[in-house]
1. Scale the Cα Rg of region B:136-268 by the rule-of-thumb value 2.2 N^0.38 Å and send over the ratio, two decimals.
2. What residue among A:ALA137, A:ALA155, A:ALA122 has the largest mean-square fluctuation in a Gaussian network model of chain A, using Cα springs under 10 Å?
3. Given only helices, namely DSSP H runs of n ≥ 4 each adding -39500 (n - 2.57), what is the per-residue ellipticity at 222 nm of chain B, to the nearest 500 deg cm²/dmol?
4. Per residue of A:109-116, how many C-beta atoms from partner chains lie within 10 Å of its own C-beta, taken as a mean?
5. Which log10 I(q)/I(0) values, to two decimals, does region B:66-194 give at q = 0.22 Å⁻¹ under the Debye formula with one point per Cα?
6. Can you tell me which lysines have their Cα less than 20 Å from the Cα of A:LYS35? Leave out same-chain residues fewer than eight positions away.
7. Using only the alpha carbons, work out the radius of gyration and Dmax of chain A in angstrom.
8. Below 25 Å, Cα to Cα, which lysines can A:LYS103 reach? Residues fewer than 8 away in the same chain don't count.
Amino acid sequence: MNAQSPVTPLATDIRITGLSKYFGNFGALLDIELKVAPGEFLTLLGPSGSGKSTLLMSIAGFVEPSAGNILVGGKSVISTVPEKRNFGVVFQGYALFPHMTVKDNLAYPLKVRGVPKAQIAAKVQETLELVQLSHLASRYPKQLSGGQQQRVALARALVFSPEILLLDEPMGALDKKLRHDLQLELRQLHRRLGRTFVNVTHDQEEAMAMSDRIAIMNAGRIIQVGRPRDLYDAPKTRFIADFLGKSNFLTGRVSEISASEALIETDSGMIRHRLRESEGRLSKGREVHLALRPEQITLGEAPNTLSATVESAIFLGNYAEVTVRTERGLQIVGQMALRESEQLPVEGAQIKVGWEPSATVIVEPD
Amino acid sequence: MENRSSLPKVLVITIAWLVIGFLIAPMFVTFPISLTSERYLSMPDGEISFRHYQTLVEDSAWISAFMDSLIVATGTVVVSLTIGTLAAIGLWQIGGRPAQMLRILPLLPLIVPPVVSALALSRAWVMLRMLDTYPAVIISHSILALPFVFMTVSASLESVDKRIVQAARSLGSGPFRSVFGIVIPNVKAGLFTGGLFAFFVSWDEIVVTLFITGRNVFTLPRKIWSDLRDSIDPAIAALSSLMIAVTIVVAAIYLTNTLLKQRKTPKE
Ligand SMILES: Nc1ncnc2c1ncn2[C@@H]1O[C@H](COP(=O)(O)OP(=O)(O)O)[C@@H](O)[C@H]1O
Ligand SMILES: [Mg+2]
C-alpha cells in the first residue's frame with residue numbers, strides 16, 4: 001500500500017506514432033507523432049475542434065484510432081480496453097457520479113480493484129487531504145462549487161495511483177480568477193507527484209502557465225511542440241504566432257542576405273531582419289512572412305522604423321496599446337509600458353514606430 | 001392591465017375545472033351503483049349493500065382474472081423495462097444524429113393504431129402457435145408499453161452526463177458494471193415512472209388482448225368486456241370503484257413522497 005501511495009514518484013513515457021482518426025471521411029487526427037517524457041507536464045493546445053479531445057481520448061482508450069500506435073512505457077496499448085489501461089482521466093465537465101458522495105466517488109476505483117475496505121478508507125482520506133477536500137467528504141457533487149468539483153475529479157483520477165494523468169479542459173468551466181489559482185495548484189500537484197500529465201486546453205495562458213511543453217494542434221495535426229518560451233519566441237507558423245499571444249504580420253521578399261541579417265523588401269519599405277538558426281537558409285527573392293510581437297514595438301526611431309497614423313491608443317494600466325496604420329494600409333499593434341512622463345499618442349497623429357531586427361520571426365504561411 | 005391578465009386566467013381555471021369534472025364525473029355514478037342491492041345496474045334505492053364487492057372477492061372467475069392481469073402486467077413491467085431501458089441507454093450513449101433518427105423506432109407502437117397492432121400481433125402469434133399464451137400476451141403488452149418506458153428513462157438520462165460511463169471505465173470497471181452500477185442508480189426515478197406506466201398500460205389493455213387471448217389468458221379488462229356483453233353486473237361497478245380507489249391511494253403516496261423528498265433536498 002505504501003509503495004502505491006500517491007506521493008511516490010512513478011512515471012511512464014508515452015509515444016504516439018502515425019496516429020490518425022477518421023470519422024467517415026473527416027480526418028479528426030492526421031498522422032500524429034508525439035513523445036511525452038516520463039514525469040512531464042505536456043499540454044495539447046489548439047482551437048476548438050482541432051482534435052485535442054480526440055487525441056486525449058485515444059490515449060485513454062475511448063477513441064479507436066484508424067491508424068497508428070500508442071506506446072506507454074514501451075508497450076502498445078492500442079488493443080487494451082480503457083478499464084485496463086490504468087490511466088487517471090479528468091473529463092471535461094468532470095463526470096462525477098451524482099448519486100455518490102465525494103468519499104464514494106473516490107472509493108469507486110479502489111472498490112472496483114478489490115482493495116480491502118480499511119485500506120480504501122485510508123487511501124481516500126489521504127487523497128482528499130492532498131487536494132484539501134477532507135471537510136467535504138460526505139457531500140454530493142451537486143453540493144460543491146465548480147472548483148471543488150474539479151478537485152474531486154482530480155482526486156478520483158489520482159486515488160488509484162495511475163502512472164499517467166489525462167486532463168480534458170480541467171479549467172474549462174471555471175471563472176478566470178479561480179482558474180488562475182487552480183493552475184498553480186495543479187502545477188504544484190504535478191511537481192509533488194512526479195507523474196506524467198497530459199492536459200488539454202484551448203486557453204493559451206493556461207497552457208503557458210502550467211506546461212513543461214506544449215503541443216500546438218490545428219485541424220487534426222500537431223504543428224509544433226516545444227517549451228512555452230520557445231514556442232512564443234519562435235513560432236513556426238503564422239497560426240501559432242497569432243494563437244499563442246498576438247502578432248503583427250509583414251510580408252515581403254528577401255532582397256539581400258548578409259551573415260547575420262537579411263534585408264526584406266515590403267510594401268512599407270525595407271526591413272532589417274536578424275537571421276535565426278531555426279529559420280534555415282534563405283534565398284534571395286524568396287517571399288517571406290514575418291511575425292512581430294506587439295511588445296517589441298517602440299515609439300520613435302529604431303533600426304526598423306515606419307511612419308504611421310495613430311488609429312487608437314488605449315491605456316490599460318500596466319501597459320498601453322497603440323494601433324497605427326501606415327500609408328500602405330498596414331496595421332501595426334504595439335504594446336508598451338509608459339514611463340510617468342510619457343504621454344499616450346493622440347488618435348490621428350502622425351508618429352513613428354519601430355523595432356529591433358531581432359524582433360521579427362519568419363513564419364510559414366498557413 | 002389587470003383585467004387583461006385576469007380574464008384569461010378565470011377562463012383557464014374554469015376550463016380546467018370543467019375538464020376535471022368531466023374526468024371524475026363517472027366516479028359519482030360508478031361508486032353509488034356499486035353499492036346497489038339489486039342484481040342489475042341501478043342506483044341504490046335507500047338500501048346500501050356490499051354484496052357486489054363480496055362477489056369480487058369470492059367469485060373465482062374474478063379472482064383468476066385479477067391474477068391473470070397481475071401476472072401479465074408484472075411480466076410486461078419486467079420485459080418493457082428491460083428493453084426500454086437498454087434502448088434508452090444505448091441511444092443516449094450513441095448520441096448525435098444517428099441516435100436522433102433511431103429514437104423514432106421505440107416510439108412506433110405509440111403511432112400505430114391499436115387495432116392495427118392487434119391484427120398484426122394476432123397473425124404473428126397464430127403463425128408462431130402461441131396465441132392465448134402468457135408469453136404472447138406479455139410480449140404484446142410490452143411492445144405497447146415500450147414507448148412509455150423509453151420516454152421516461154430517456155428523459156431521466158437527459159440530465160445525466162454521458163461521460164460518467166467513460167469515467168467509470170477509466171476508473172477500472174468494465175462496460176457492464178459501468179452501465180449497471182453507475183447509470184441505473186442515476187435514472188431510478190425514470191425507471192420507477194416507466195415501470196408504473198408499463199404496469200397500467202398492461203392493466204387496462206383491451207384491444208390487443210381481445211385479439212390474442214381466448215380461454216387460457218383471461219385478464220380483468222377481458223372479463224369486464226365479456227361480462228358487459230351478456231349481463232350487466234354491478235360487480236363491474238364495484239371493481240371500477242376499487243381500481244379508482246387504489247389509483248388514488250397510490251397517487252397520493254407517490255405525491256407525498258415526492259413532496260417530502262423535495263423538501264429534504266440537501267442544503268449547502
Ligand atoms: N464521434 C464523432 N463523430 C464525428 N465527428 C467527431 C466525433 N468526435 C469528434 N468529432 C469531430 O472531430 C473534430 C475534433 O473534435 P475534438 O477532438 O472534440 O476537438 P477539440 O477537443 O480540440 O475541441 C471536431 O470537428 C469534431 O466535430
Ligand atoms: Mg475538446
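1. The value comes to 1.44.
2. Highest fluctuation of the listed residues: A:ALA122.
3. It comes out at -24500 deg cm²/dmol, rounded to the nearest 500.
4. The mean count of partner-chain Cβ atoms within 10 Å per residue comes to 3.
5. Taken in order of the listed q values, log10 I(q)/I(0) reads -1.24.
6. Partners within reach: A:LYS21, A:LYS52, A:LYS75, A:LYS236.
7. 24.7, 77
8. Hits, sequence-local ones excluded: A:LYS84, A:LYS111, A:LYS117, A:LYS123, A:LYS142, B:LYS162, B:LYS188, B:LYS261, B:LYS264, B:LYS267.
Computed from the coordinates by the stated procedures, all read-outs in this text should not be read as laboratory data. Quantities reported herein were computed from a predicted structural model and do not represent experimental measurements. Glycine gets a Cβ as well: all are built from the backbone with ideal geometry, and neighbour counts include every protein chain shown.
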